[in-house]
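Chemist: Here's a structure for you.
None of the figures in this text is laboratory data; all of them are computed from the coordinates on show. Since this is a predicted model, take the numbers as computed values, not measurements. Cβ sites come from the backbone with ideal geometry, for glycine too, and all protein chains shown count toward neighbours.
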Amino acid sequence: MSFSRIRAIILQELFITRRSLEVIVDLPYFSVQTIVVFGFFSLFLSGTSHLSSANYLILGLLLWEIIRIVQYSISVAVLWNIWSRNLSNMFITPLTIKEYFIAQMLSGIIKTIVIFSVISVIASLLFKFNILSVGLINLILFFINLTFFGWSVGIIIVGTIFRFGTRIQSLAWGLVFIFQPLTASLFPVKILPPFFQAIAYMLPPTYVFEAARASLADPSVKWEYMGIAFIQNIIYLLLSLWLFNIMFNKSKETGQFAKNEG
Amino acid sequence: MNDTILEVEKLVKNYGHFRAVDGISFVVPKGKIIGLLGPNGAGKTTTIQILVGITTATGGAIKYFGKDFFKNREHCLQRINFTSSFNELQGRISVWENLLVFSGLYSLKNHEKKIKELIEYFEITDLLNQRFWDLSAGQKTRVNLIKSLINDPELILMDEPTASLDPDIADKTLSLIEKLRKSKGISILYTSHDMEEVTRICDEVIFLDHGKIVAQDTPVELTKRIPMAKLSLTFDQVNKHFVEEFLKENGLKYGLENNYSVTIDTEEKLIPKIIFGISKKGVWITDIEVKKPTLEDVFLQIARGDKYVI
């Protein structure tokens, strides 16, 4: 494991982020826009309906952005290099796939912390919603669990792109939204039909969102929910790494990895 | 001391039922430029991709510096590099930023000094702050070459580095490669479709066809495998019938361009005899041109499956 190579990948991410309008639009712009639009919608709800519904919505959206940004960061980073026909160049250096993922995971955390802080401040200033009202320890635990889930989804998507090429590249920014309703991010899980509830409880973010909503009323740590989410996250992360490994090896075996750059 | 940089032994690559590389073996000695040639689909690019580890081999062994590549990937890749006209660097970021990233990927100690040395050598100081995708093809090739030298490699794999370059820039690139070999003693495995440049820079050429090595020698020795040459003679036109008479008598294959010039396909060793024989008939030969076979001819004959060359 080389710290220098991990740092080099993070540095490349920093350079790309700084110089790409696409990243700025996809990450801070989209996050801020979502919070502003649904923030106003939550204000409307708080005036007409129950206050907690409005808070659930804004809380769910803030936490959802953690998954989206972490996953986007890992999946789209690989596309920047495929589109530039630079991915092969990087993997003919001593860089290992382990170092590459560690760098992308760290880069995802940095981006998420920055953007999450910005949108949380916006939520506080414009909509009087204080994310810290869920409790600091809770917030850290939510962040860790949602980050793990974002990594797992991101790793699977990278493996799929390596294996099948850029024809499925839209998964990099589209696939994650399947989990938004399935994890009951914006509403209590009991709203879902029983079949979807069963699926929801197989996904770690469901426990985080349920715990987060509960913590608005009682900010004590929901260890049981956090524990289940964490164990599931470990299983999903290991599963995603295993699947990635299969797809990466298959991609090199079929020549798809080299063909990805056209 | 081991003077073999790369050793490939019985390398095989199957894509399903299709065999792209069929048990090839070769070595790249220290300081030598070895050309890997062949028609499209011969297996050159697949071989290069396996040699840099982005495609897995079905069978065989690869050793860099005497070490098994599959077991010592990081160690081997630290000491080699790759450049291709088909790969680029990250287009969204500047040349300097790209080089900084690659210096990190090779864990260079004095990376800024190294990058500055190379950019001065390749005279691209004014391009440093430009985004890679804004560069011209020639500028990109130079930056790619800098990238391929950043880790002081002992071997560079070059996949058609001059493709898509205009003749002037291609010539400058070749001069740079020649200079590099001379000054740094780097070994190079070189693929190209341009036979002139291969003849110019390669010490040895390996011809691949349908995944197999069909010929391997120096460019000069390979051209000697085609014994035929083209002899063009210009003569005083009043004696045209004597020329034709001589050529027919000796069963030579020829074509009359006009009344005063003829092109004869013949074995190189018969040329003096032909000239002397025609002169003896009282023909005044005013011009003689001999076109010897080139590597291009060898390539074409191999591509067309000529057993004589193979």
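Chemist: Order the peptides A:82-95, B:209-222 from the highest to the lowest mean number of other Cβ atoms within 10 Å of their residues.
Modeler: Those peptides, ordered most packed to least, come out A:82-95, B:209-222.
Chemist: Ok, one more. Take the eigenvalues of the Cα gyration tensor for the protein assembly as shown, scale each by 5, and report the square roots as semi-axes in whole Å, largest first.
Modeler: That gives 65, 23, 22 Å for the three semi-axes.
Chemist: Something else about it: Which one of B:Phe242, B:Thr286, B:Leu300 is farthest out on the positive end of the charge dipole of region B:214-310, using unit charges on Cβ (Lys, Arg +1; Asp, Glu -1) and the Cα centre as origin?
Modeler: Result: B:Phe242, furthest along the dipole toward the positive end.
Chemist: Taking the beta-carbon count within 10 Å as an exposure proxy, list A:Thr254, A:Thr17 from fewest neighbours to most.
Modeler: Ranking A:Thr254, A:Thr17 by Cβ neighbours within 10 Å, fewest first, gives A:Thr254, A:Thr17.
Chemist: Among A:Phe30, A:Met247, A:Ile157, which residue has its Cα furthest toward the positive end of the charge dipole of chain A, with +1 on Lys/Arg Cβ and -1 on Asp/Glu Cβ?
Modeler: A:Met247
Chemist: I need the GluC sites (Glu not before Pro) found in region B:84-179, filtered to DSSP loop residues with at most 13 other beta carbons within 10 Å of theirs.
Modeler: Sites meeting the loop and neighbour criteria: B:Glu123.
Chemist: Next up: Within 13 Å, Cβ to Cβ, of A:Ser251, how many net charges do the neighbouring residues add up to if Lys/Arg are +1 and Asp/Glu are -1?
Modeler: Here the count lands on +2.
Chemist: Which lysines does B:Lys184 reach when only Cα atoms under 24 Å apart count, and residues fewer than 8 places away in its own chain are ignored?
Modeler: By straight Cα distance, B:Lys184 reaches B:Lys30, B:Lys32, B:Lys63, B:Lys67, B:Lys109, B:Lys113, B:Lys114, B:Lys116, B:Lys140, B:Lys147, B:Lys172.
Chemist: Same structure again: Can you give the net charge of the other residues whose Cβ lies under 14 Å from the Cβ of A:Ser117, counting K and R as +1 and D and E as -1?
Modeler: 0
Chemist: Which angle from 0 to 90°, rounded to the nearest 10, does the C-alpha axis of helix A:97-127 make with the longest principal axis of chain A?
Modeler: Around 30 degrees separate the two axes.
Chemist: Give the Debye-formula value of log10 I(q)/I(0) at each listed q (0.15 Å⁻¹), with one equal scatterer per alpha carbon of chain A, two decimals each.
Modeler: One equal scatterer on each Cα of chain A leads to -1.08.
Chemist: Rounded to the nearest 20 Debye, what is the dipole magnitude of chain A about its Cα centre when Lys and Arg each give +1 and Asp and Glu each give -1 at the C-beta?
Modeler: Here the size comes out at about 480 debye.
Chemist: Could I ask something else about it? Using a cut-off of 15 Å between alpha-carbon atoms, which aspartates and glutamates can reach B:Lys230, once sequence neighbours fewer than 8 places away in the same chain are excluded?
Modeler: B:Glu257, B:Asp265, B:Glu267, B:Glu268, B:Asp287, B:Glu289, B:Glu296, B:Asp297
Chemist: Shifting gears a bit: Using a 10 Å cut-off around each Cβ of peptide B:12-24, what is the average number of partner chain Cβ atoms that fall inside?
Modeler: 1
Chemist: Additional query: Taking the Cα centre of region A:129-247 as the origin, how large is its charge dipole in debye, to the nearest 20, when only Lys and Arg (+1) and Asp and Glu (-1) carry charge on their Cβ atoms?
Modeler: 280 debye
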